[in-house]
Number of protein chains: 2
Amino acid sequence: MQVVITGGAGFLGRRLVTRLLEGETLIGPSGAMTPIDTLVVFDASLPAPPLSSDSRLKVVTGDITDRNALAQAIDAQTTSVFHFAAVVSAAAEADFDLGMRVNLFGTLAVLDACRQLPQAPRVVFTSSIATFGGELPEVVDDTIPQAPQSSYGAHKAIGELLVNDYTRKGFIDGRAIRLPTIVVRPGTPNRAASTFASSIIREPLQHLDTVCPVSPATRLAILSPRKALDAFVLAHNLSAEAWGSMRSLIVPGLSITVDDMVKALRRVAGEKPLQHLRWEPNADIQRIISSWPGAFTSARAQRLGFQADASMDDIIRAFIEDDL
Amino acid sequence: MQVVITGGAGFLGRRLVTRLLEGETLIGPSGAMTPIDTLVVFDASLPAPPLSSDSRLKVVTGDITDRNALAQAIDAQTTSVFHFAAVVSAAAEADFDLGMRVNLFGTLAVLDACRQLPQAPRVVFTSSIATFGGELPEVVDDTIPQAPQSSYGAHKAIGELLVNDYTRKGFIDGRAIRLPTIVVRPGTPNRAASTFASSIIREPLQHLDTVCPVSPATRLAILSPRKALDAFVLAHNLSAEAWGSMRSLIVPGLSITVDDMVKALRRVAGEKPLQHLRWEPNADIQRIISSWPGAFTSARAQRLGFQADASMDDIIRAFIEDDL
């Protein structure tokens, strides 16, 4: 079985690579758990630091809209694709054309590459809660229409429509999951509007100064990297029947205010890290973040086995364990 | 003021051309009703029969995805665009690539041409109730998520997301209206799955045989050409403030069963035309039509002044008056 991860050199891509090479099994075309023969990482540039030296791993670099480059990754042997490659929210807002190119035309290129395959592959597409916006109830569920208030959110909503239509046509066996904000991301801040949600935990724990651009009362729905990985694998392994005709799903997150995130940091790591946190409101970031739902639920996701984190304290402890 | 109609050689485009040349006024860039200096029809081929010989009319032919051809129609003088060009439902279902090309890439080409203009033009985009599908309540309203069950519906939902995002970015002043099935269309059947809804009235009235491919109990939401034209003009003329940040809207239609449509035909035209109607179930057509809501309402559309037809009898009488 050959698995392709686009954006595989990114943070979540790398974790999935590790998890799959270390023995996590996926359902193969036969419908049974199947060992991975080849794991292909497709990304814009070579992963740095390098990924595993496992002989099953193959790295292909190229532009996600370059159909020839993509054909080097998604080929006749491909049975599963995790499509993670994307330009994140603040970056897509700052550079409209870049966002359209990667998020819309890149997704189309991936879907069309999958469509060429002899057997429709399972395709896991990472959508986002940024697809929701406008007037929203306090808790958003599966019955609420998507009305994105950012280009990134629009691209992800369009991606879901394409994944659903390509699936209906039998070109792919698609599964789109709407992820909450991932916290705590390791490394350095990225260009997502929500990047602060990781920074305010990650930097203080490493005695580094950081800025929180939103108010303490701002409510976020968050998901740990561990639970995100669980969601990718589950989204992939669920049968087509379990998914049914609706191939989009909200992954439940932990609903929490920024203030309560900081309190959890204090509980887990004491007073000292908090000296590194400064509050500096940014209206643009606040606008984007406030347009996303701060709490949501999905009876369907729960029924299918998707799980939120139990507490912020657990999320912080897992970050210390996995990344520090 | 320069107005462009893509797909302007089509049935609704032609009607709008007539209406605008005969004196219907539109709000111009100044915010006041403004006479039309130039009316540009863009279509794949020359209108047949030819359109008006009015000197304000200019016809440009070309492929909707050909950005150079489109630039001949949407130029620096353009203040308003009605984007009607589309591959209809059954045709997009039969030829996936053609549907994607015209409905997705064509819409992108139109939006990008508008984005180049010195001032963001008003853009009226015709979406459809085909953007709804899946498990639906009996009456669909503005609170129901779109889940299209056809490629055409997916393309229209994607178009709405693009119109909303291009508007939010200030590239256009967009207005997307979700139209019910237009009944009675003049002429001959087209490749929309819903074409029968016109044929079962139009053909019998002209002593021509026709086939109804869905069951009598099938419920449709329909809108007359007259009301559709009213909706185009209203959607255009409403202020940006009246539209607000949500640039998509359900246009209310008349909810009626096929059986009641036929009964209205009998009331208006007597028993004789009904001899030309044969019932011949087609599972594909029934599946697409049954996936669309048969009744919907929009408090917002009503507040803004969009109106459904009062009765099927009126719709049939208007068709006889306008087209026979």
Would it be correct to say that B:Ala69 is of a type in the set (Gly, Ala, Ser), in contact with a Gly (Cβ under 9 Å, 6 or more places away or on another chain), part of a helix (DSSP H, G or I) and away from every other protein chain (no Cβ under 11 Å)?
yes
Within the group A:Ala76, A:Ala48, A:Ala91, A:Ala71, which residue is assigned by TED's automatic domain parsing to the domain that holds A:Asn237 and closer than 29 Å to A:Ser150 by Cα?
A:Ala91
Return yes when B:Trp292 is more than 14 Å from every other protein chain (Cβ to nearest Cβ), over 20 Å from B:Arg15 (Cβ atoms), in contact (Cβ under 8 Å) with a residue 12 or more places away in the chain and aromatic (Phe, Trp, Tyr) and no when it is not.
yes
Restricting region A:56-102 to residues that are of a type in the set (Phe, Trp, Tyr) and either modelled with pLDDT under 95 or within 20 Å of the chain's Cα centre (by Cα) (or both), which is farthest from A:Thr131 (Cα to Cα)?
A:Phe82
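The values are calculated or read from the model by the stated rules, or taken from the named source; none is laboratory data. Note that the coordinates shown come from a computational prediction; the quantities given were computed from them, not determined experimentally. A quick note on method: Cβ atoms are made from the backbone with ideal geometry, for glycine too, and the neighbour counts reach across all protein chains shown.
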